[in-house]
Amino acid sequence: VADLDIDAWSSRFHAGELEIVCPLAGEHQVENARLAGIALSLLGAGPAGIARTRWPGRLERVRTSPDIVLDGAHNPAGARALASYLTRFHAGRRVLMIFGVMRDKSVEEIAGVLFPHVHQLILTAPEQPRAFRPEALARLAAHPNQRIAPNLRAALAWPIDCDFLLITGSLYLVGEARLLFVQ
């Protein structure tokens, strides 16, 4: 990768002779786009299509003022990528995270990676029978400024006082948020 120009929402760079424009947020997407560009080149196609890529629910900004972002960081690798993104592009901002996850996930590890990066935390549960209950989440991974909401709508009903609202944890929770914000 050469001539990297990256911001919170996209990147532009060169991979050899290829100029690649990637509209996906996150530093980890640079490597993904680089590999896709090389593969496309080997197949005789150019990387122009990468610029039209969309990935709903993966660092997807659905509103501004404040920025509202959805990300299905439902495993430790996704949580690490999200934490890296928050550190690089949103350090110093007041981040409010609405977090809900399934019981069969590595909840303690995900929480340990993500929660230190947020100013406020609202623990909730996706509308799924396998959801980890927010009361149990609160006992498992305490945060100094956390609240509990029974569901996403209740979490969003509280006044939002932040620079950056992040809804994350479960892809089910992100799907519920997309229904509210995108559709």
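Tell me which of these Gly44 doesn't satisfy, since it passes every other one: (1) small (Gly, Ala, Ser); (2) closer than 16 Å to Gly169 by Cα; (3) open to solvent by 30 Å² or more (accessible area, probe 1.4 Å).
(2)
Identify, from the list Glu109, Glu19, the residue that is under 24 Å from Ser170 (Cβ atoms), in contact (Cβ under 8 Å) with a residue 24 or more places away in the chain and surrounded by fewer than 19 Cβ atoms within 10 Å (Cβ to Cβ).
Numbers: Glu19 fails: under 24 Å from Ser170 (Cβ atoms).
Going through Glu109, Glu19 in turn, just one is under 24 Å from Ser170 (Cβ atoms), in contact (Cβ under 8 Å) with a residue 24 or more places away in the chain and surrounded by fewer than 19 Cβ atoms within 10 Å (Cβ to Cβ): Glu109.
Tally the residues that are β-branched (Val, Ile, Thr) and farther than 22 Å from Leu59 by Cβ, restricting the search to the range 16-43. Can you show your working first?
Let us first name the residues in the range 16-43 that are β-branched (Val, Ile, Thr), namely 20-21, 30, 38.
Filter once more, keeping what is farther than 22 Å from Leu59 by Cβ: 38.
Counting residues in the range 16-43 that are β-branched (Val, Ile, Thr) and farther than 22 Å from Leu59 by Cβ gives 1.
If we only count strands (runs of 3 or more DSSP E) wholly inside the range 74-183, which ones have 1 or more residues that are within 20 Å of Arg63 (Cα to Cα)? Break it down stepwise before answering.
Working: elements: 95-100, 120-123, 146-148, 164-169.
The qualifying strands (runs of 3 or more DSSP E) are 95-100, 120-123, 164-169.
The values are calculated or read from the model by the stated rules, or taken from the named source; none is laboratory data. Predicted, not measured: the structure shown is a model, and the values here were computed from it. Note that each Cβ is placed from the backbone with ideal geometry, even for glycine, and that neighbours are counted across all protein chains shown. To get the accessible areas, we keep the full protein, side chains included, count just its heavy atoms, and leave off ligands, DNA and RNA. Shrake-Rupley method; radii C 1.70, N 1.55, O 1.52, S 1.80 Å.
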